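Structure first, then comments.
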Amino acid sequence: MAHTPLPLIHQDTQLLAVHKPAGLLVHRSALDAHAGDDLVTRLRRQTGAAVWPVHRLDKGCSGVLLLARDASTAQQLGAMFAAASQGEQRPIDKRYLAVVRGWPAETGETTQPLARDPEQPSAGQPLLPACTRWRVLQRLLLPIASDGRHADTRLALVEVQPLTGRRHQIRRHFKSLAHPLIGDATHGKGPLNRAVAAHVGHGRLWLHALQLELPHPVSGMPLRLRAEPEAAWQDWARWAA
């Protein structure tokens, strides 16, 4: 099956950065064994060369994804991302957009520890340090009654900065704050997700990797990689509170 070429954000002899569409796996995984499509396979066909993903984006998440063009660069970047995931020295800065339930504080930070594996019950697992910051960009009010107690539904568009890199960190942290991401089938609220999707006409995980900043692994020069959100994100302004 032919696919539209993936939009390239950056390319040089060591790196490729692409705008990953929502709903596409980064690479094939036992967690989604029936998926017949993935970004790495597409990109190898598109470029005619091997590529190595050096960090993860959830299947439902769109936005900036960085890949290496050789094994040595992949190893070097992998070490950088691993250190950043642990909250060590942070040469890597990530910014996301998300739509969440309710109206969180204008700015905030949570340091709720997270279990290592989000696919398993948390009880009995080691808890790992995790830190997420956010700021509200826009408060939203949808004229739908997703909860019988209220005639309207409050949502918020937020910019999120994860300072560590645990699996599903943003999704799990906002769940712990009682502000789950809209469209999150694992950590969110099913009835709310369905009601919002029906109203806005888009059913997806509302999480977008907006920007990634890091030093180039070879030259050391700063890289600022940015993927502007798809047009559907602009529609949220229609429901500004």
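The values are calculated or read from the model by the stated rules, or taken from the named source; none is laboratory data. Just so it is clear, the model here is predicted, and its values are computed rather than measured. Methodologically, a virtual Cβ is constructed for each residue, glycine included, from the backbone with ideal geometry; neighbour enumeration extends over all protein chains shown.
Points worth noting:
- Evaluating HIS208 against the criteria (1) more than 16 Å from the chain's Cα centre (by Cα); (2) modelled with pLDDT of 95 or more leaves one unmet condition, (1).
- Conditions (1) closer than 25 Å to ARG204 by Cα; (2) touching a strand residue (DSSP E or B) at 6+ places or on another chain (Cβ under 7 Å); (3) modelled with pLDDT under 95; (4) not small (Gly, Ala, Ser): number failed by ARG42: (2)
- Of the criteria (1) aliphatic (A, V, I, L, M); (2) in a loop (DSSP other than H, G, I, E, B); (3) touching a His at 6+ places or on another chain (Cβ under 7 Å), which one VAL218 fails: (3)
- Of all the criteria given as (1) of a type in the set (A, V, I, L, M); (2) surrounded by fewer than 17 Cβ atoms within 10 Å (Cβ to Cβ); (3) at pLDDT 95 or above, the one not satisfied by LEU31 is (3).
- Hey, THR107 modelled with pLDDT of 85 or more, β-branched (Val, Ile, Thr) and loosely packed, with under 13 Cβ neighbours inside 10 Å or not: yes
- Inclusion of SER62 among residues that are at pLDDT 95 or above and among the hydroxyl-bearing types (Ser, Thr, Tyr) is warranted.
- Residues located in segment 62-109, provided they are charged (D, E, K, R) and closer than 18 Å to ARG167 by Cβ: GLU88, LYS94
- Residue within segment 129-137 that is of a type in the set (D, E, K, R) and touching a Pro at 6+ places or on another chain (Cβ under 7 Å) present: no
- Looking only at residues of segment 164-195 that are aliphatic (A, V, I, L, M) and touching a Ser or Thr at 6+ places or on another chain (Cβ under 7 Å), we find that the one that is nearest to ALA130 (Cα to Cα) is ILE170.
- Sole exception among (1) of a type outside the set (Gly, Ala, Ser); (2) touching a strand residue (DSSP E or B) at 6+ places or on another chain (Cβ under 7 Å); (3) assigned to a loop (DSSP other than H, G, I, E, B) for GLU159, by number: (3)
- Identity of the residue in segment 85-134, under 17 Å from HIS168 (Cβ atoms) and of a type in the set (Phe, Trp, Tyr), that ends up nearest to the chain's Cα centre (by Cα): TYR96
- Annotation note: of GLY63, GLY23, GLY87, the sole residue that is at positive phi and part of a strand (DSSP E or B) is GLY63.
- Index of the failed condition, ASN193 passing every other in (1) in contact (Cβ under 8 Å) with a residue 40 or more places away in the chain; (2) surrounded by 20 or more Cβ atoms within 10 Å (Cβ to Cβ); (3) polar (S, T, N, Q): (1)
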